[in-house]
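Enquirer: My questions will all concern the structure given below.
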Amino acid sequence: MTNIACNNFKVYLFLAAALLVCYSPVFLSSYAFSDDWYYLFSAQTDPASIFKWDVLSGRPAYGALRYGFSFLISSLDSLILIRVLSVASLILLSCYFYKFISDRDILKNPLQRVIFSLVICLLPSFQVFNAWSVCFPFVTSILLAGWSYSALTRLRGIKGVTVSALLITLSFAIYQPTAMCFLFFAFMDTCLTPRKVTKKELIRTLLMIFFGMLMALILAKVIPLLLFGETLSRSNITLDLMGKIKWFFVEPLKNAICNFDTGRKALSVIISLLFIFIGLKKISGNGKEKVILSLLFAVAAVTPNLLVTESWAAYRTISALSLITTSCFLIGLFAVVDKTKYSRFLYLLLPVAAGWLAASNIKEGFSSPQQKEYALLKDEITKVVAKDFDGALYYRLNSENLPKIAKSSKYDEFGSLSLGMPWTFAGMAFTVKKEAGMHYTLTKSPVITGNESCTGKCMIIDAQSVLARQ
């Protein structure tokens, strides 16, 4: 028993060290991205507005966490603390993955368990969670979902059901797509083990996730209506089911199948599908019904995305589906690697390659372009606006055909242009004002579009002029 505990501790240390290296760009670089700028501005001017918006979005626990940590946000550098917290949460999740599969005897090879627990935490979804400061509670949501599943299956009677229900509700109250990772833990426990799964157990699992989804609906529709008399339209139920099914295959499923390739190249799809099919073949050794269950869990993991009008397959929204498809991919890859002469070398190469991709994606998609964007705006403001100017500063934004900073972009995440988003200017200009000791003011709506002009004592910074400096 002592040897097992010692070995587990060594594994946990390795996972922590590896993840700290892979995600080092998020805490070795000072930057903000998109909503981070609004968070930075609101944290110093109107923290209460943070909580209200998240409650309207059906995420009160997320809002409470962001509101609570807003009192630690006072500068661009202070966002590093938030990202460190996210990485720490991911380390805990990786260790939990390892414990979960070890306790259930999933993957017989100890090295495979370590590699699986590490590589699965390097997926693009986790890259976004750690690189984008405002996403810092999302990994915690996955942990809560995992603990909810464990409570349901390991604690007996009403106690297990109650604890599980509370944890899954809290997970959904942070972020609905990550709460659906409850089904990823169910997938591992039921499909990756040879044990017989009873109908009662399966029904109980599905009823618990249904309960969580019902609570998410209440959080999105009932609570905001009671508190503020309004709800957001993006959580409305869609009537175009066929359109959403087609969208599922073209967007989220393709993203998930491509694993670590955010470029979604055709070759990546083909290679990944090959290993996924091998993985499903391997899973069928535990019982042919396990393959059907795997597909069921994969589809169920994105059910909320299919039911609402919003059609957005950003990586932060498909974490549950990605975890399931990548697990099948890794199982298939392990099966092939085990048959080669250089299996140990290939096992070591896999996390190195995945880690390099993760660090590269974060650097090229988040830290480097965002640092450059802020530098461009700061340079424009300090050169055009006099230090003693005390009038209002505005930002003219015509988002059509704005020059790009990053080499490529994906959704509103990797490589997206913060200077092209209307909600970022206030935070960026506010930070420049503090750092440069300037005296201009910012109105409640400092962004203007088209050929509109400002009135009174004011100046306008043009987005095109800012980006032309690069």
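Enquirer: Looking at region 195-214, which of the residues that are among the β-branched types (Val, Ile, Thr) and part of a loop (DSSP other than H, G, I, E, B) is surrounded by the most Cβ atoms within 10 Å (Cβ to Cβ)?
Expert: Val197
Enquirer: Restricting to region 92-109, what's the tally of residues that are assigned to a helix (DSSP H, G or I) and free of Cβ contacts under 8 Å to residues at least 60 places away in the same chain?
Expert: Summing the residues that are assigned to a helix (DSSP H, G or I) and free of Cβ contacts under 8 Å to residues at least 60 places away in the same chain in region 92-109 gives 5.
Enquirer: If you check Lys221 against the conditions, is it among the basic types (Lys, Arg), under 30 Å from Ala61 (Cα atoms) and surrounded by 17 or more Cβ atoms within 10 Å (Cβ to Cβ)?
Expert: Criteria not met by Lys221.
Enquirer: For region 384-421, which residues satisfy the criterion of being modelled with pLDDT of 80 or more, buried (at least 16 other Cβ atoms within 10 Å of the Cβ) and assigned to a loop (DSSP other than H, G, I, E, B)?
Expert: Val385, Phe389, Leu397, Glu413, Phe414, Gly415, Ser416, Leu417, Met421
Enquirer: Quick one: which residue in Ala179, Ala131 is crowded, with 24+ Cβ neighbours inside 10 Å, of a type in the set (A, V, I, L, M), free of Cβ contacts under 8 Å to residues at least 60 places away in the same chain and closer than 30 Å to Gln370 by Cβ?
Expert: Ala179
Enquirer: Just to check your reading of the model, which residue among Gly391, Gly415, Gly427 is in contact (Cβ under 8 Å) with a residue 24 or more places away in the chain, at positive phi and of a type in the set (Gly, Ala, Ser)?
Expert: Sole residue among the options that is in contact (Cβ under 8 Å) with a residue 24 or more places away in the chain, at positive phi and of a type in the set (Gly, Ala, Ser): Gly415.
Enquirer: Tell me the residue from Asp35, Asp46 that is under 21 Å from Phe172 (Cα atoms) and out of contact with any Pro (no Cβ under 9 Å at 6 or more places or on another chain), please.
Expert: Asp35
Residue-wise test of (1) of a type outside the set (D, E, K, R); (2) farther than 24 Å from Trp37 by Cβ; (3) part of a helix (DSSP H, G or I); (4) under 22 Å from the mean Cα position of the chain (by Cα).
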{"residue": "Leu306", "(1), (2), (3), (4)": "yes, yes, yes, yes"}
{"residue": "Leu323", "(1), (2), (3), (4)": "yes, yes, yes, yes"}
{"residue": "Lys339", "(1), (2), (3), (4)": "no, yes, no, no"}
{"residue": "Phe366", "(1), (2), (3), (4)": "yes, no, yes, yes"}
{"residue": "Gln370", "(1), (2), (3), (4)": "yes, no, yes, yes"}
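Enquirer: Would you confirm, using the coordinates I've provided, whether Ser171 is at pLDDT 95 or above, surrounded by 22 or more Cβ atoms within 10 Å (Cβ to Cβ) and either over 28 Å from Arg344 (Cα atoms) or in the same structural domain as Val55 (by TED's automatic domain parsing) (or both)?
Expert: yes
Enquirer: Being in a helix (DSSP H, G or I) and out of contact with any Ser or Thr (no Cβ under 9 Å at 6 or more places or on another chain) is the filter here; which residues of region 147-168 pass it?
Expert: Passing the criteria: Arg154, Gly157, Ile158, Lys159, Val161, Thr162.
The values are calculated or read from the model by the stated rules, or taken from the named source; none is laboratory data. The structure displayed is predicted, hence computed values, not measured ones. Glycine gets a Cβ as well: all are built from the backbone with ideal geometry, and neighbour counts include every protein chain shown.
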